[in-house]
Each structure stands twice: as C-alpha cells, then as structure tokens.
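Shown next, in structure tokens, is the structure this report addresses.
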Amino acid sequence: MRQLLGYLMILCLFPLLFVVGDKIWEEAAKAQNHKEQIQEQIKLPEIKKQLPVKMLDRNGDLFNEDYVEWRNPIPIEEIPEIVKQIFILSEDRDFYQHIGFDISAIMRAVITNAEQNSIQQGGSTISQQLVRMLYLSEEKTYERKLMEVLYAYELEKLYDKDTIFEMYLNEMYFGHQVYGINSAATYYFQKPIQHLSVAEIAFIAAIPNNPSIYDPLKHFDNTKARQERLIDLLAKENVISLDEAKQYKEEPIRLNIKEKTQNFPAYSTYVLHELNQLIAETEGYNEALQQASPEEKLLLQKELDNKINELLYSGIIIHTALDPEKQSKDDVSINSLLTIQNLQSSAVVIENETREIVSMYAGKNYNKFDFHRAYQAPRQPGSSFKPLIVYAPLFERTNYSPSSIVNGGKYCIGAFCPQNYGGAIYGDVTISTAFKHSLNTSAVRLFSKVGIETAFQYLQQFNFKSIVEQDKNYAAALGGLTYGVTTLELADAYTSFIDGSYVKSHAIRKVTDQQGNILYQWPSERKQIWSKQTVQYMRSLLNEVVRSGTGRGIHANSSYIGVKTGTTNEYRDFWIAGLSNEYTAAVWIGYDQPTSMLQLEDDRIHFNIFNRIINQ
C-alpha cells in the first residue's frame, strides 16, 4: 500500500511541475527510466571513524597528526534527544510520516521557483538531503531534483527511519572537513556531543544550513544568530520553556577548536611521501608498475592510491626516527644563516649507526606540503658527485690508491674539454691532491679508466631517481647531469662511505595500527657496495679535503670528519656532503631560479650550515 501511494504521489507531482515548462516532462521520463538503476545503486555506506594519522618521534612523543576528513560517527541511540528535535523541527518536521519526500513542500517550492524562473527553494526532506549528500550533485536543476525524489523514495523502501536519520546526523557537513554532529562537537568544543550544553548543541546545529555563512571561525555572529533562532524554535514547539530559551541564548559560547599537532613540517611532509614508497614497495606495486603497460599503470596506481587512503583513514601510527631537539636546532641555525633575500637551502642529516634520517631542512619559511627542496628538487651536484661516480669505483675496479699519480693538465675527450677551477693547469699529482683540490681534468682522466658503464652500474645501486640514460657521458664525472640529484639522495649515497654497506636511508621506523600491530616496516638488510680498502681510501681522501683542501673550515666534535664540496657552472649551486663518526649529511644552497652566487663564494654559507648540523 505504501509503495502504491508513493507512485501515485510521484505521478501527481508531474502535472504540477508542468507549470514550469515542457522540459520537466522530458526530465521526469528520464528519471523514471532510471528506477532499476537507482534500486541497484542505493546502499547506505558504512561510515567509519576517520582517525588522524599520528607521527611519533624517536622518543615516542607526538609531533604531527594529519587527517583528510574529521569523522567520529556514533549510533543514533547515543545522540541526545535535543539534537534530534532540533533537526526534525528545523529541517523536516514530518520526517517520521512521509515516504521520502513531502509533496506539499515540493509544491510550494515549485510554485515559488516558477514565479522566479529559477531553482531557489528546495523543499527537501531529510531523506532527500541524505541522498544529495551521498549520491547526487548540488547542481540546481529540475532533473537532479526529480532524481533526488526518486532516490529518496527508494531509500525509504530499503531502510527504516532511524537508520536514515542516523546516517544523516553522521554525514552532515560542518565546515573545515568535519562531518557528523559528534565530530562537530569534538572539533569545535573538544567534547563528545553528550557533554555539550543545549546552547552549544544549538550553536553547532546552526552550521550545516550553510557552512560558509555560518562558519563560526569566520562568521561567529552569523552562527550565534541562527543558534538563537533554533532555540526560539524549540521554545515555540514547547520542547523547552521560554525561561530556558532565554538562559540558553545568554549562555556564552566559548569555542575550543581541535588544533592539529603540526610540528616540524619539513620532516612530517617527507614522512608521508616515504609512507607511500614503503607501501608501494612492500605490496609489490613498484615492480608491477615498472612492467605494466600505460593502461595497466593507471589501474595499478588507482588501486595503490585507494589502499593508501584506506590506511590513512584507519588512524595509523607512524613511528619515526625524528630527533626533535636536533631538528629544532638545525631549523633555527639554518634560518639564521639565510639572511640574503630569496637565498634557499636544503639539508639532510642521517644517523650512521641506524641509517635513519634524524633531521631535514626543506627551505626557509617552509610550510606543510610546500615544495620540499630536500627530496623534490634535483640540482646539479658538481664535484660533490665525484666520490660516487669516479673515485670509489676507481679504487674498487683498479689497483689505484690515493698515492697513485694522475695528470692535472689539459685533457679532451672528443669535443669535451673540462677545465680546472680558474683555468689552472697542473702536471702530475697524486690522486689525493687531485681529489682535495677538486681537479676536473684529473677526475675525467680517472673516469675514463673506470668506464662509463661500470661507473653507472655502481650508481644504480643507490636511490638516485632523476639520473637518466642521457647522463651516461663524460660530463657526469664532474656532476654534469640532465636533471641532477636531491640533497637526500646525495646524503643517502654518502652513507656507503661509513663502512661500505648500503641500505636506503629512512625516516619511518615502523607503521602500526591503533592496537600496536606492525603493518609496515623497511627491510634492514644492507648490501655491500665498497670493499674495506675502498672505504679506507675514500675516508682518507674526504678527510684530506677538510685538512688541506677545498673543505678547510669544516670541523666536527668527532674523531673523524670528511667532506667533498661542489660548485656548479656559473656558481649556481653550492654543495657540501660528508660524514663524521655520528652523522652523514648533505647541504645545498642556491636560488630556486638558478642564479650566479659568485659574490657569495667567500661567505661559505654552506660550510657554516654543515658545521652546525653535523655538530648539534
């Protein structure tokens, strides 16, 4: 009987809509033809809590939390009666009587809109509003309105009123990515809905009518005015007395906004990036993507994105290696040294024993999710690249040692004729001398001994993402690459000079669920890249740079310190990378739009930055 009545009322609706034009009949026919599709599509989703992603530092303390949407749904039995009364009276007082739509409300809306020749009044029931939230767009057209009516009617055939009302109260939008009445209570007052006063409940209940106009953070007075209208409505309907209404309207509203913990944005932004890498690697997506066709890649990437989003919504806890004290000091130190307008820097510090990233600097005045110079900005590495592509492979594949002789004079391979700094020409020198003074002609001579293919085979074992096939030429010996390397990649590769072993440096120690179960964790197995003798030679050369070469002025509170500097063509990039007994670090300074820094060469800003971060 109820179903028959519903169809009769829908049929009665169509002639009434005829007053606004023949097009309505066309749209109505389309909507009716969708009936079977609607029945298949309507299914109330399970609304789950979307808990924030929490990041803990190495001490187990919270330093960052992220969430896309703030949701904290509760069953209708736990929602205070006054909440239900406010929304029933203000939105749909016949909710428990109608069949999904209110024919009288629609008639009023149609007549008003026909007079104004536009869609202004909605006449929507709670069921229709829920349908709009879940299944339809906010577009104000008659076709969408008719679809809304049919969806609402089918929805009420499938679910009881309390189920629909519960979903509605948990799905409403309260601004600031907050969904649901209980979520609004915890966001705006940091209390569950059951602990709010009637005045506070009426205040947040005012928001969903128009979250922009009634945004309490921007338009508090608007929200308060609507709150008072809702309280008056409760009094008019004898839900509360006039005295109570007066008392509730006079009660001060003191917001207590739930602020996200957002410390150390450079580090936390990278952690989220690394999380994606960790999931892709662990779940086998990286390998699958490499072998997939373009069409398959799109599907795989979508599948991976869905998996990551599902994980993020579940409220995971990311345990990291962040050293908060060191990160704070490094941030302050580098900021204080970047006094020249628009000059930027990036820096990464890795703990030698664990190969964990303990601090990162992404740029001055860095904000969460800004361009992250430490891992998103490949730049030409200059001579800081020589240890990895020339000297370590040389010692690994030949009988050369730091005391071996190499010529530092003019040298050309085809049309490629490198020059030493300042155009200086040297005779025969030891490899140690060529290294500490960064002689380009000597480096290219030695690179030719190693061979391009052999050198790049060693590089492939590291985590350089921007090195391409076109880089396989002699200019690579001097750090001349198509795109370059990032500060993180350079520091990461330099960790191989700790003891010859390598495993990708990481910020994430483990990812756990709310119960502490480990979901993801990086493998700890290390690969041996360099022999013991090569490591000994390289550490000696790096130390000589500090003692009597281009790295004079670098110091460390450690029994060992070794570095390699790098300056690119036209002084567009200044680099320094190296290690002490405790840390491996890399520093870059330059302008986002590459510009000559010749006038800054003697200031050695990158030296000062390196000294600070390696010793703090």
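Apply 1/(1 + (r/R0)^6) to the Cβ-Cβ distance of Asn399 and Asn569, taking R0 = 41 Å, and write down the FRET efficiency to the nearest 0.05.
0.80
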**Asked** Ranked from the most accessible area to the least, with a 1.4 Å probe and all protein chains present, what is the order of Leu439, Leu598, Leu312?
**Response** Leu598, Leu312, Leu439
**Prompt:** Which aspartates and glutamates have a Cα less than 14 Å from the Cα of Lys472, not counting those fewer than 8 places away in the same chain?
**Reply:** Glu453
**Message:** Please report the accessible area of Val587 (heavy atoms, 1.4 Å probe, ligands and nucleic acids excluded) in Å², nearest 10.
**Reply:** 0
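Sort Ile340, Ile609 from largest to smallest accessible area, using a 1.4 Å probe on the heavy atoms of the protein chains.
Largest accessible area first, the residues go Ile340, Ile609.
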**Message:** Just to be sure I understand the rule: take each whole DSSP H helix in the chain, project its Cα atoms onto its long axis, keep it if the span is 30 Å or more and its mean Kyte-Doolittle hydropathy is at least 1.0. Which ones pass?
**Reply:** none
**Fill in**
Length gained, Glu353-Ser466, 0.36 nm per residue minus C-alpha separation, equals 38.0 nm
**Request:** Can you figure out the FRET efficiency of Glu81 with Glu303, using R₀ = 56 Å and their beta-carbon distance, to the nearest 0.05?
**Result:** 0.80
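Under a 1.4 Å probe, what is the accessible area of the chain per residue, stated in Å²?
I get 46 Å² per residue for this part.
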**Fill in**
Within the chain, the percent of DSSP beta bridges that are antiparallel, given to the nearest 5, stands at 85
**Complete:** CD proxy, 222 nm, the chain: helix-only mean residue ellipticity via -39,500 (n - 2.57) per DSSP H run with n ≥ 4, per residue, nearest 500, stands at -13000 deg cm²/dmol
**Request:** From the P(r) of region 482-616, can you give the percent of Cα pairs sitting at distances over 21 Å?
**Result:** 50
**Asked** At q = 0.05, 0.09 Å⁻¹, what base-10 log of I(q)/I(0) does the Debye formula yield for the chain when every alpha carbon is treated as an equal point scatterer in vacuo?
**Response** -0.37, -0.83
**Message:** Take Ser531 and Ala424, extend 7 Å from each Cα along the Cα→Cβ direction, and tell me the distance between the two endpoints in nm.
**Reply:** 3.2
**Prompt:** On the accessible surface of the chain, probed at 1.4 Å, how many percent belong to carbon and sulfur atoms?
**Reply:** 48
**Fill in**
Here the relative contact order (percent) of the chain, from C-alpha pairs under 8 Å and at least 6 apart, is 13
**Summed residue charge, Cβ within 11 Å of Gly562's Cβ, Lys/Arg positive, Asp/Glu negative** = +3
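Suppose the chain between Asn256 and Tyr96 were pulled fully straight at 0.36 nm per residue; how much longer would it get relative to their current alpha carbon spacing?
Going from the current span to full extension adds 54.1 nm.
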**Message:** Quick check: with the 1.4 Å probe, what order do Met133, Met597 take by accessible area, largest first?
**Reply:** Met133, Met597
**Rounded accessible area of Glu77 (nearest 10 Å², 1.4 Å probe)** = 150
**Asked** Normalised by the residues of region 480-573, what does the relative contact order come to in percent, with Cα pairs under 8 Å and at least six apart?
**Response** 20
**Request:** Under a cut-off of 18 Å between alpha-carbon atoms, report the aspartates and glutamates in cross-link reach of Lys504, not counting same-chain residues fewer than 8 places apart.
**Result:** Glu274, Glu281, Glu283, Glu287, Glu351, Glu353, Glu356, Glu489, Asp492, Glu525, Glu582
**Cα-based reach from Lys410 at 14 Å (exclusive), listing aspartates and glutamates while leaving out same-chain residues under 8 positions away** = Asp428
**Asked** What number, in percent, do you get for the relative contact order of region 177-219 if the mean sequence gap of Cα pairs under 8 Å and at least 6 apart is divided by its residue count?
**Response** 25
**Message:** How large is the Kirkwood hydrodynamic radius of region 279-344, counting all unique pairs of alpha carbons, in Å?
**Reply:** 15.7
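The values are calculated or read from the model by the stated rules, or taken from the named source; none is laboratory data. Predicted, not measured: the structure shown is a model, and the values here were computed from it. Cβ: placed from backbone, ideal geometry, glycine included. Neighbour counts: every protein chain shown. Accessible surface is based on the protein model in full, side chains and every heavy atom, while ligands, DNA and RNA are left aside. Shrake-Rupley method; radii C 1.70, N 1.55, O 1.52, S 1.80 Å.
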